[in-house]
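The next block holds one structure in the form of structure tokens; read it before the comments.
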Amino acid sequence: MNPRRLPGFAASYRAQFPLFRQQHRAFARNGITLVRASQLPHATVIPAVNEWRITQSLTGDVTLRRQIDGVWQEGCKPCSSFSLAPPELAIPVEITAAYRVRVLAIEAQRIESLLRGVGASGTAPLERLVASLALQDDPIQQLLAAFWAEAGATDAVARLLADGMTATLAARLLRLSGYTAAEPDPRALAPRRLRRALDFIDAHLAEDIGIGGIAEAAGLSPYHFARAFRAATGLPPYRYLTQQRIARAQMLIATTELSLAQIAFECGFGSQGQFTSTFTRIVGISPGRWRAERRA
């Protein structure tokens, strides 16, 4: 598989660790990539990507450290245990010994859509799992092995399997988090209004849109829309819009030769400077460096 065609985490991993023995597989049309690697002792910063990642230990009792939101987590990770990393967060890590891992990366929007489908408000339930360095769940451990075994096939059956396994994985993670479905928040946008709002945002990312335009697409006043959108997604509209613009920018950086100024324009930023500062704040590194790492 051509490393320059790998999206997100898989591409950044191969660029960062060219000397590590590693294999890559993917359900390319499903936004799912996998990496299996034999790591040497090292300390680095895993760059932010727009994916949820599950890192499973294939080696027992290796001490490691990682930093999540400024807090260091340290401990031994038993064989087959796993940890969860959220999207759009750069993560410093320190590995003290040779260590074999398998990493599953799934596009953030795919996970968020599945969670919304069962009434979860945003990804808050999964955030509870991020604090644990060594999670244990037999069905998830078996799913990770199944993802690896099935990845790489290109037929319709493989895509169906990927869809089913992803939905099962999201459900198991919700169970592991202790989440229980609650009655829908009466303040939240109705599904049809939410879909109209999300579709409007996606179609107008390059334009100077505000809450008023999105609210109009959803058929609500700006005041009621802002409250209902946050109740439905867990995010204020402006933050969601910004995240979508950065996700679009990452896709354009990875797959086109457009200049960063052109990408800033295509993603609705007022200037390249605004784009650079926003990208750096969310992703953890500048867009120029992010592009360079994917082409190393």
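The values are calculated or read from the model by the stated rules, or taken from the named source; none is laboratory data. In this text, all values refer to a predicted model and were calculated from it rather than measured experimentally. We place every Cβ from the backbone using ideal geometry, glycine too, and count neighbours over all the protein chains shown.
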The listed residue being touching a residue at least 12 places away in the same chain (Cβ under 8 Å), within 20 Å of Glu112 (Cβ to Cβ) and among the aliphatic types (A, V, I, L, M), out of Ala232, Ala206: Ala232
Residues of region 17-56 satisfying the condition of being at pLDDT below 90 and of a type in the set (S, T, N, Q): Asn30, Asn50
Matching residues in region 92-110 - criterion: being under 18 Å from Leu173 (Cβ atoms) and either within 8 Å of the chain's Cα centre (by Cα) or at pLDDT below 90 (or both): Ala105, Ile106, Glu107, Ala108, Gln109, Arg110
Cβ-Cβ under 8 Å pairs, at least 6 apart or on other chains, region 138-159 side of a type in the set (Val, Ile, Thr), far side at pLDDT 90 or above and not in a helix (DSSP H, G or I): Ile140/Ile54; Ile140/Phe82
Long-range neighbours under 9 Å by Cβ, at least six apart or interchain, first residue in contact (Cβ under 8 Å) with a residue 24 or more places away in the chain and farther than 19 Å from Gln142 by Cβ within region 51-63, second among the hydroxyl-bearing types (Ser, Thr, Tyr) and loosely packed, with under 15 Cβ neighbours inside 10 Å: Val62/Thr96; Thr63/Thr96
Where a residue in region 167-178 is among the acidic types (Asp, Glu) and its partner, wherever it lies, is surrounded by fewer than 19 Cβ atoms within 10 Å (Cβ to Cβ), with Cβ under 6 Å and at least six apart: none
Qualifying residue in region 100-111 (condition: closer than 15 Å to Thr55 by Cα, surrounded by fewer than 19 Cβ atoms within 10 Å (Cβ to Cβ) and either of a type outside the set (Phe, Trp, Tyr) or touching a residue at least 24 places away in the same chain (Cβ under 8 Å) (or both)): yes
Test set (1) out of contact with any Phe, Trp or Tyr (no Cβ under 8 Å at 6 or more places or on another chain); (2) not in a strand (DSSP E or B) - Gln73 fails condition number: (2)
Lone unmet requirement of (1) assigned to a loop (DSSP other than H, G, I, E, B); (2) within 30 Å of Glu293 (Cβ to Cβ); (3) at pLDDT 85 or above for Asp208: (2)
Breaking point among (1) without any contact (Cβ under 8 Å) to a residue 24 or more places away in the chain; (2) of a type outside the set (Ser, Thr, Tyr); (3) in contact with a Phe, Trp or Tyr (Cβ under 6 Å, 6 or more places away or on another chain), for Arg192: (3)
Residues that are in contact with a Leu (Cβ under 8 Å, 6 or more places away or on another chain), more than 24 Å from Thr278 (Cβ to Cβ) and of a type in the set (Gly, Ala, Ser), drawn from region 24-79: Ala26, Gly75
